[in-house]
Each structure stands twice: as C-alpha cells, then as structure tokens.
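Inspection log for the structure reproduced underneath, given as structure tokens.
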Amino acid sequence: MTDNSKIDKFIKIFPWFAGLSGDLLFWIAIDTLFLTIVKHLNASQIVSLTSISLLTCIILQIPLLQIIKKIGNTKSVRIGSLLFLISSILLTFGTNYIILLIGKIIYEIAFTFQEMVNAILKNNLELQKKESQYINYRTKANTIYAVVTMIISFIASIMFNINNYLPMIGCIIFCIICFILSFYMVDYSDIQDLKKTKQEKLKKVNYNMTYSKVLFFILCSYGLFYPIVNSGQSNGKLFIQQELLKNYNVEKTVLIIGIILCISRVIRVISNILFNKIQKKYKDKVGIILPFFLTLSLGLMIIGYFISFSVILKIIIMSLGYIIILFIRDPFKAYMQDLALKKSEKFQQQTLLTILDLLRKIVRTIMDLSFTAILVSHPMLIVIIILALLSIIEIFISQYLYRNLK
C-alpha cells in the first residue's frame, strides 16, 4: 500500500476516531449520577476529583510534553487512547476514592496525548496538498461527536435505570473501539521528512520571528474563550435551573431542563454541519464573530434574569443564551486549532497544542476556584456577569488578532 493510499485511509477513519474519542462517551452523561448513587461520593468529594485531577495534570504538563516530543505524534495518540480505556475501567470498577481519583487523573492526562491527533491530521493533509481542508475534517469529527453525545443524552438515563453499570460498560466498549482505531492514526510526515537545506532553515527562522506575536494572541484568545464557554455552559445551566425552581416544582424543572438540553444538543449538531460553509464565507472574521456571540449569549442570560413580568419569556431568553454557547463551542475550537497549526512550523506543533490544552486547564481551574469562593456569599448572577465581562475582553483580543492576521 502506497503512502497516498494509507493517508486516504487515515482521512476516512480520522473523523470517526476523533469524534468517538473526543471524551469518555456515556461517562460525561451520567458522571455525577454514577459517582453519587453507585460510588456513594458526596458533593465535595465529586468536586475535589475534578480539582485535584486538573491541578495534577497542570503540574505534569511539562514532563508530558517531553514524553510527547520523544515518542512522536503517532505513539502519543495511541497512548492517549489507552489511557482513556484504563481511566474508564478504573472509574467503572474503582472501589474507593483513591482509585477513582487515579482514574480521573489518567482521564485528564489522556487529553494531552490525544490532542496530537490534530497535528497528525494537519501534517497528513499537507502531504496531499490539502491543508486548507483541515477545518472540513475537524468539523466532520465534531459533528460525529455531537450526534453521538446527543443520542447518548437521550438513552443514558434509561440505561442507568435498567442497570447502574450499563452506561459505563458502553463507555468501555467505545474506548476499546477507539484504541483499535488509534493504530490507523499515523503521522506519515515523520516517514517522509527530508533534511532541510540552509535556505529552508533560514526561512523557518524568519517564519517564527514573523508569527511570534500572532501565536501569542492565538494562545491568549483560546486560553480565555474556551474556559469561559466551559464555565458558561455549566454555570449557565445551574443559573437557569435556579430560576425555574423559583417558579416551578422539581418535576417540572427537571422536565424543562431536559428539553433545553435536548434542543442545545441538536443545535450543537447543526452548528458543526453549518460551520464549514460559514468559515469559507467569512474566513478569519469568524474569530471575531464567535466571541461576539459568546458575549451575546451571556448577555441574554443576564437580561432574562431581570425579566419579572413573564416567567415564560424569562426562561426562553435565558435558554437562548445557553443554546448559543453550545452553537459556538465546537466551531471556535476547530478554527483556533487550524489557525495555530497553520501559523506554526511542524516542530512547534506538539508544544503549541500542549500549551493550548495547558492554558485551558489553568484558566478553567482558576475560574472554578474563584467562582466557588464567590458563590459562598453571592448569587450566581455575579458569576455570569464576570463571565460576560471576560467575554468582552475576549472580543478585544480577537480583534487585535484579526488585525495581525490581515
């Protein structure tokens, strides 16, 4: 089999691998339910699992980067898939807090290795002179992930009620499938690399000097945007839930929240389907458009909160804000990763992708700890207002980045 036919096979399999390995499927749908009912953890223990695992991963990020540089992209992705599998087994069958914590730490570490699949995609597309199609294939992967997680959100609770362990068995099965598919995720650019001429080396130095400012603002933009989206999604849902409970009983609140989540999942699928066309039309302007919509989404939640004359209108406007967050989440990640890989040399890719992941984790950890302290004595409204202010800063960063790209 020639390298071209191998790359063609990789390109066909990539969306499925990246889509199915985007997270621990099933786990993300029933994690708090599973830890509470099956593992008998209290709220503080569940929160500490996330906090400790994130902090541990942040501390280990530099050693992990050294390992990735040493073993390369291909082996890194396989290790990432294996770690997801090990994590799913430990989380499923762990009998005490320490084992569950180890499983959660391995889960966070797996993402760092798994990120290298994006470098593999970029490099293999470049070998076929198709590097401009990165967003197309990344969006296909995001669409598969969105569709699968949407279906899981409909059936996970039913499976959990049939047998508490059934969703986690499904999680392990998906991890096994992804581990098998990871052996098709090969960076063929490593095989075809040629020695650089002096002229190419000089070009590389000038290239790095030219784009150092652009890369810095890419890191700033991604490092702020994505944690705002993550926090806005989790805290926004809680914000809406609190307003529903002021006006409805628990049963009706659960029903309405379920409807909002289902609609948001469908919208997430639609956004991934549409984004390729949107990006082709607006190109680098999407880097400004998406942060603007982030501010709009948080603004709608705040406006909805202050509506007192109609509960229905209040919930509709707040829900619209929440749904917009789901609409912009995947497109922004695909666009920024494409931009970062486009504006960096091959030898920078591993460091760049690791730093992007590290910044996301650091800022998210700082936000979580800060918001936890704020919520002790202040309402959720304050958290949403802070996120809205941060999103305005993100707009200015994105505008500055766009000017430099031009």
Select one label from (i) 70, 49, 35; (ii) 65, 48, 35; (iii) 64, 48, 40: the one whose number is Cα extents along the principal axes in Å as derived from the coordinates shown.
(i)
Have a look at Thr36, Thr351, Thr74 and tell me which one the Gaussian network model of the chain (Cα, springs below 10 Å) gives the largest fluctuation.
Thr36
Tally Lys and Arg at +1 and Asp and Glu at -1 over the other residues with C-beta under 12 Å from the C-beta of Leu401: what net charge comes out?
+3
The chain: angle of helix 198-247 to the longest principal axis, Cα-based, in degrees nearest 10
10
Which one of Tyr97, Asn124, Ala18 is farthest out on the positive end of the charge dipole of the stretch 1-148, using unit charges on Cβ (Lys, Arg +1; Asp, Glu -1) and the Cα centre as origin?
Asn124
Once you charge only the Cβ atoms, +1 for Lys and Arg and -1 for Asp and Glu, what is the size of the charge dipole of the stretch 255-399 about its Cα centre, to the nearest 20 debye?
480
Could you do me a favour and compute the accessible area per residue for the chain, 1.4 Å probe, result in Å²?
47
Along the stretch 293-308, what does the Karplus equation 6.51 cos²θ - 1.76 cosθ + 1.60 (θ = phi - 60°) give for ³J(HN,Hα), rounded to whole Hz, x for Gly and Pro?
5, 5, 4, 4, 4, 5, x, 5, 4, 5, 4, x, 4, 8, 6, 10
Rounded to a whole %, the carbon-and-sulfur portion of the accessible area of the stretch 310-406 at a 1.4 Å probe is 72
Please compute the contact order of the stretch 1-151 in relative form: average sequence separation of alpha-carbon pairs under 8 Å and at least six residues apart, divided by the residue count, as a percent.
37
Hey, what angle do you get for helix 349-377 against the long axis of the chain, alpha-carbon based, 0 to 90 degrees rounded to 10?
20
For each pair in Lys69/Lys361; Lys70/Lys277; Lys104/Lys237; Lys130/Lys361; Lys12/Lys75; Lys75/Lys104, compute the distance between the two Cα atoms and list the pairs where it is over 29 Å.
Lys70/Lys277; Lys130/Lys361
Segment Asn163-Val254, extension gain: residue separation times 0.36 nm, minus the distance between their alpha carbons:
30.6 nm
Taking the Cα centre of the stretch 1-93 as the origin and placing charges on Cβ (Lys, Arg +1; Asp, Glu -1), which of Ser5, Phe84, Ile68 is farthest toward the positive end of the dipole?
Ser5
Nearest 10, in degrees from 0 to 90: the angle of helix 3-20 to the longest Cα principal axis of the chain is 10
On a full-extension model of 0.36 nm per residue, what is the gain between Phe154 and Lys406, subtracting their alpha-carbon distance, rounded to one decimal in nm?
86.3 nm
Over the chain: helical MRE at 222 nm, DSSP H runs n ≥ 4 each giving -39500 (n - 2.57), nearest 500
-30000 deg cm²/dmol
With each pseudo-label sitting 7 Å past Cα toward Cβ, what's the Ile270-Phe306 distance in nm, one decimal?
2.8
Hey, rough spin-label estimate for Leu60 and Ile366, points 7 angstrom out along Cα→Cβ, what's it come to in nanometres?
2.4
Decide, for the stretch 323-401, between rounded, prolate and oblate: order the square roots of the alpha carbon gyration tensor eigenvalues as a ≥ b ≥ c, take rounded if a/c falls under 1.5, and otherwise choose prolate if a/b is larger than b/c, else oblate.
prolate
Could you tell me whether the stretch 62-182 comes out rounded, prolate or oblate from its Cα gyration tensor? Rule is a ≥ b ≥ c as square roots of the eigenvalues, rounded for a/c under 1.5, then prolate if a/b exceeds b/c, otherwise oblate.
oblate
Test item: Cα-centred dipole of the chain, Lys/Arg +1 and Asp/Glu -1 on Cβ, debye
1300
Considering only protein heavy atoms, what is the solvent-accessible area of Ile366 at a probe of 1.4 Å, reported in Å² to the nearest 10?
100
Could you compute how much accessible surface Tyr400 exposes when probed at 1.4 Å, giving the result in Å² to the nearest 10?
80
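The values are calculated or read from the model by the stated rules, or taken from the named source; none is laboratory data. Since the structure is predicted, the reported quantities are computational estimates derived from the model, not experimental observations. Quick reminder, even Gly has a Cβ in these numbers, built from the backbone with ideal geometry, and neighbours come from all protein chains shown. To get the accessible areas, we keep the full protein, side chains included, count just its heavy atoms, and leave off ligands, DNA and RNA. Shrake-Rupley method; radii C 1.70, N 1.55, O 1.52, S 1.80 Å.
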